[in-house]
1. Mind checking which residues of segment B:343-368 are more than 14 Å from chain A (Cβ to nearest Cβ) and either in contact with a helix residue (DSSP H, G or I) (Cβ under 8 Å, 6 or more places away or on another chain) or within 29 Å of B:PHE290 (Cβ to Cβ) (or both)?
2. So A:ALA67 ticks every box in (1) closer than 19 Å to A:PHE164 by Cα; (2) surrounded by 21 or more Cβ atoms within 10 Å (Cβ to Cβ) but one. Which box is left unticked?
3. In segment B:268-290, which residues are facing chain A (nearest Cβ under 9 Å) and part of a helix (DSSP H, G or I)?
4. May I ask you to list the residues in segment B:23-58 that are part of a strand (DSSP E or B) and either in contact (Cβ under 8 Å) with a residue 40 or more places away in the chain or within 14 Å of chain A (Cβ to nearest Cβ) (or both)?
5. Assess whether B:LEU384 counts as being touching a helix residue (DSSP H, G or I) at 6+ places or on another chain (Cβ under 9 Å), surrounded by 21 or more Cβ atoms within 10 Å (Cβ to Cβ) and in a helix (DSSP H, G or I).
6. Just one of A:SER114, A:SER97 is surrounded by 21 or more Cβ atoms within 10 Å (Cβ to Cβ), over 19 Å from A:ASP33 (Cα atoms) and over 14 Å from the mean Cα position of the chain (by Cα); which is it?
7. Could you list all residues from segment A:3-31 that are within 27 Å of A:TYR175 (Cα to Cα), assigned to a helix (DSSP H, G or I), more than 12 Å from the chain's Cα centre (by Cα) and not hydrophobic (A, V, I, L, M, F, W, C)?
8. Can you pull out every residue in segment B:314-342 that is touching a Phe, Trp or Tyr at 6+ places or on another chain (Cβ under 8 Å), hydrophobic (A, V, I, L, M, F, W, C) and within 14 Å of another protein chain (Cβ to nearest Cβ)?
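Taken together, the values in this text are just the output of simple stated rules run on the coordinates, not laboratory data. Just so you know, these numbers come straight off a predicted model, no measurement behind them. Glycine gets a Cβ as well: all are built from the backbone with ideal geometry, and neighbour counts include every protein chain shown.
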Amino acid sequence: MATAPSGTHNFKVVLLGEGCVGKTSLLLRYIEDKFNDKHLTTLQATFLNKRLNINGKRVNLSIWDTAGQEKFHALGPIYYRNSNGAILVYDITDEDSFGKVKNWVKELKKMLGSDIVLTIAGNKIDLEHERTVPLEEAESYANMVGAQHFYTSAKLNQGVEELFLDLTRTMIERYEQNAQTDVNRTSQVVVVDDEAPPTQSSCCSGNRSN
Amino acid sequence: MFGYSKEAVRVKVKKCEGKLQPELRKFSVDPQITSLEVLQSILVKAFDIKSDFTLSFRTTDDYGQEIYLPLLSDWDLDAAFLKAHNIALTQKSEPCVQLRVDMRPFAEASEDWEPPSVSPAASMVNQSYKEQPTIAPAQHQTEKQETQTGFQGMIMNQVEKTFNMVTRALNLYDDPNNAPRPPLSDIEFRAFLDAVGQITNTSKLREVIYCGGIDPSLRKVVWKHILNVYPDGMTGKERMDYIKRKANEYYGLRAKWKDCIQKGMVNADLAYVTGMVRKDVLRTDRHHNFYAGSDDNQNIASLFNILTTYALNHPTVSYCQGMSDLASPLLVTMGDEAHAYICLCALMTRLYPNFLLDGEAMTLKFSHLTESLQVYDPDFYNYLKSQQADDLLFCYRWLLLEMKREFAFDDA
């Protein structure tokens, strides 16, 4: 990671959720505006960068895509530590995947408290007719845990841009609030994440872009 | 890490195409928001480019010679900006990046992990030789700009280096300058069989395969041997009976859970396994002809049957993502569901610990990899450590699937 001059926010965001809910698809739609329903399962975390300019503020997002299945759960902490934001993805046609989101919320709250901005994404709304996760339940749950909730379809490119944009805005707000309290209390709430990411993605993820 | 005092960087570009007079363009960009992709689109517009091109940036080498280094990634671009910035500081001038656009692609440089379709071992070596010329300038670059070059570039170069080193190490038997031996052929394989079809020298057979691979047409037969499908010392006739018996066992096991589904007696375990497997077989190697086409491709159903049967009959392992990657080439090669199942069972006898929830086997493999790296390339290891990447987690998939996804399907 190269630049971290003053005025640029470097945020780390992690995508978490059950296998096959569409984490990789959301990311590829957002970064490359591509969709492929036959891409391979993610077996190890990879990351892509996105540079944004929001109201004149430069933001560099490092978005980590993780492997979803239970087996890989133990690797989670490595990727969510030092994260400024987490996107918890579930599949609206798969109730279990929503249960998995709840587990992740619990774990993140326990490990990171309110240092991390949570966003929940109900993906695959192109399959609305197969929905099994009730709309109200998902939204009220998100409300209860203080997370934004978005409906997305990586396939139809719905809600994806909005999701990342809203998350980024909230992360900036959170950062500025913290900076404020920092000044007031001269305590050490350090949210600036300008250290190098802990690991580099493998050769196969070399096609990052912005 | 680096702060740029200037927001804009001047860019001077020279476009070279064959013997044509080079074209020149100048513009300015903001290095903070200019990615390689953005830069490329600017150049396409600036020169009205309609074909492939390669990009390099001007810098000087240790002897003050002007050279152009390839600009292949955002990391390279960051390095170029930084270089310009540093020069501007020392010369108290405006930062300026000088680029060159060449209207021809680097030969095969982008597809570095797609080896030519030779046998696995052969292609490994071919590849490392082939890569040398394209990699060399990049390595040159890292040495010169140690502190500045992008992290990814560094890793890629070092991985190549280590890879070449390991490849050479693996071929110590032969003269490393010679190509490895050709793949095991039908005639050679027959020579390993005695009159009743017993394999006479298993370890020699493995050595030959290790050094040269197997002719693809023989894989169907020989893979069963190297996967230890058969108990030792069987004659050809015994093997045929054995595999027939095992195949029937498989059909029995498969019928069991299929019956349950038909009678609507689906317990939680069966539902979980079939759900997981179905999700994964639909996205396993679908680019391969064998699994291509619509989702009701019969081969996908076979892959589903194999994995479901395996998971239900090996409850401690069950199903875990990655296993479909292992089963897929077995089914393609065997062309028979039952045989592929038998091979998967044999393969998993060796690999199942990779997929256990405790992760101990993977931890052990990582510690072996770490130790090897410390011995073979301590500099690289120390570099990774300084970047907090010494956990080597970026190798997880390599180890989990034994490189299955890192090579072209037929070579893996």
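1. B:CYS343, B:LEU344, B:CYS345, B:ALA346, B:LEU347, B:MET348, B:THR349, B:ARG350
2. (1)
3. B:TYR272, B:GLY275, B:MET276, B:LYS279, B:ASP280, listed by residue number.
4. B:VAL29, B:THR54, B:LEU55, B:SER56, B:PHE57, B:ARG58
5. Criteria met by B:LEU384.
6. A:SER97
7. Answer for segment A:3-31, where residues must be within 27 Å of A:TYR175 (Cα to Cα), assigned to a helix (DSSP H, G or I), more than 12 Å from the chain's Cα centre (by Cα) and not hydrophobic (A, V, I, L, M, F, W, C): just A:ARG29.
8. Scanning segment B:314-342 gives B:VAL317, B:CYS320, B:MET323, B:ALA327.
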